[in-house]
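To keep things clear, I will list the structure first and then write my remarks on it.
Taken together, the values in this text are just the output of simple stated rules run on the coordinates, not laboratory data. Everything numeric here is computed off the predicted structure, so don't read it as measured data. Quick reminder, even Gly has a Cβ in these numbers, built from the backbone with ideal geometry, and neighbours come from all protein chains shown.
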Amino acid sequence: MTVPVIPSLPIIGHSLPFQRNALKFTSEMQKKYGDVFQISLLNEKFIALLTPEATKDIFLDKDDLFSSKEGWAVSLGPTFENGLMLRDFDDHKYHRTLLQDSFRHDAIHGYLEIIQPIINQWVENLKKAGSFNLYQSVKQLMFDISLSLFFLDVKQDESEKLNKLFMDSIASATSAIRWPLPFTKMKKGLKAREFLLDYFESKAGLINDDSKKTLFAELVNTNKGDAGLTNFEIAEHMIFLLLAAHDTTTITLTNSIYSLSQNVDFRNDLIKEANEVNHSDISSLKNGLVGESIFKEAMRYYPPVPFSIRYVVRDTEIQSYPLKAGTYVTISPLLLHHDDRYWDNPDAFDPYRFIDPNYHNKAYFPFAGGAHTCLGKFFASYIYKNVIYKFVQNIDNFEIDESLEIRPTPIPHPVKDVLVSA
Ligand code: HEM
């Protein structure tokens, strides 16, 4: 079958309607052209494949046909070069195995102990403030949490500098100009990368067996010796981890807290569970089914990674559509999660749809799948539950009078932040 090509303007292609409202634009195209079609974004052509079956085949990639490295390089390269998602096949497998060790149970238990006081301090500050901007406040918390998992005792001015450099590196990922021309976001992002690499590499050299067990220290200590990663490679992974961990959890918490302001029954169920669960015990956190339901629904409604990109390395076909080597393909949890062929009332935010832990939906891909399945997916849920439980326990009576609209691209973010009155 031939892939329909959607007509577009030269160079900018469909970038404007896509940037304005990716869900609306792509679902309109889907209605008109079917589940598979070609769009143009930022001077590249992408074949969108919008069925659960094609999504699963591409994520699972049984025959090593789809490159995550070349696909994601379109937006994350070169600033996040050599991060785990920007590696392929055997090389990726090798690095993933070495990173995985730092996500084992006992290590995560230690990380949860590290982040508790930071969350406690956050809720204390919110209580004192009385009102606060939701997204901004959660974003700062998630940055502070990430930083604490990398280094302990970062001084305030150093933390602010790192935050700024990190924001510069993310901004380069969303920049339309992909070359480091003077005064561009790309130039700034690459400069930030250079500084962060030096910073992480020099700090890695100071870590020893007695260092406090942060994620960074675990990575350095488990990679000592000839078979492990060099400190420079670890620095490259750390920059990517900061990206992977930060905005994803921020947007999930933001839209969850907003939704709790609209749903008092659910909020009461969550408060009850928050008082029963032991927040630093992994088994107890896993049993927190009310927290799990809202986590899942928040990621269904606004998937933190709304589109994934892959690059076809050898000619193949999916669902009778030919895919030539050298083509970019995109698959979309955002579209699948809002497709009424697979979900009842998909535009309603309803955490109870996930309350049965055995509920499974073939169109649900918040953490991707296959070799690149999110490495932090369990850890993310424990961080999430720690924050949301402590939030409802301490700020049980809050209101948000504005509505929250989240724009999914380039990375999900609110069109306008909302004010929470506690
Ligand atoms: C709600 C939170 C999160 C969501 C929804 C999420 C989602 C994802 C998705 C969809 C991918 C794969 C994209 C693709 O294959 O195209 C991914 C990869 C990854 N994530 Fe997450 N993520 C979250 C939090 C985290 C956290 C907290 C960490 C680490 C602390 C993390 C670490 C990673 C890493 C290292 C990869 C690359 C895996 C690989 O390429 O093998 N993520 N994440």
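Listed by chain and number, the lysines whose C-alpha is less than 23 Å from the C-alpha of Lys286, apart from same-chain residues fewer than 8 away, are Lys213, Lys272, Lys296, Lys362, Lys377, Lys385, Lys390.
For the residues Val220, Val305, Val154, what sequence is obtained by ranking on other C-beta atoms within 10 Å, fewest first? Each step should come with its number before you reach the end.
Values: Val220 24, Val305 21, Val154 16.
Ordered by Cβ neighbours within 10 Å, fewest first: Val154, Val305, Val220.
If R0 is taken as 51 Å, the Cβ-Cβ distance between Asp340 and Lys155 corresponds to a FRET efficiency of 0.50. The charge dipole of segment 15-421, taken about its Cα centre with unit charges on the Cβ atoms of Lys, Arg (+1), Asp and Glu (-1) only, comes to about 840 debye. Remark: spin-label model distance Arg104-Met1 equals 4.7 nm, labels positioned 7 Å along the Cα→Cβ axis.
The length gained by stretching the chain between Glu53 and Gln116 to full extension, at 0.36 nm per residue less their Cα-Cα distance, is 18.7 nm. The alpha-carbon of Lys24 sits under 21 angstrom from the alpha-carbons of these lysines, leaving out residues fewer than 8 places away in its chain: Lys32, Lys45, Lys416. With R₀ fixed at 30 Å, the C-beta to C-beta distance from Ser202 to Asn133 puts the FRET efficiency at about 0.30.
Ranked by Cβ crowding within 10 angstrom, fewest neighbours first, how are Ser67, Ser169 ordered?
By the 10 Å Cβ count, ascending, the order reads Ser67, Ser169.
Distance from the Cα centroid of segment 349-377 to that of segment 95-147 is 22 Å (rounded to whole angstrom). About the centre of its Cα atoms, segment 251-395 shows a dipole size close to 480 debye [charges on the beta carbon of Lys, Arg (+1) and Asp, Glu (-1) only; nearest 20 debye]. Label separation (Lys164 vs Thr373): 4.2 nm, computed from points 7 Å beyond Cα along the C-beta direction. What aspartates and glutamates sit close enough to Lys93 to cross-link, taking a C-alpha to C-alpha distance under 17 Å and skipping anything fewer than 8 places away on the same chain? Result set, ordered by chain and number: Asp61, Asp63, Asp64, Glu70, Glu81, Asp101, Glu233, Glu236.
With Cβ to Cβ distances under 14 Å as the rule, what net charge do the other residues near Trp122 carry (K, R +1; D, E -1)?
Here the charged neighbours net out to +2.
Set the Förster distance to 30 Å, then compute FRET efficiency between Phe232 and Arg407 from the Cβ-Cβ distance, nearest 0.05. My answer for the efficiency is 0.25. Helix-only arithmetic for the chain: the sum of -39500 (n - 2.57) across DSSP H runs with n ≥ 4, divided by the residue total, places the mean residue ellipticity at 222 nm at -17000 deg cm²/dmol.
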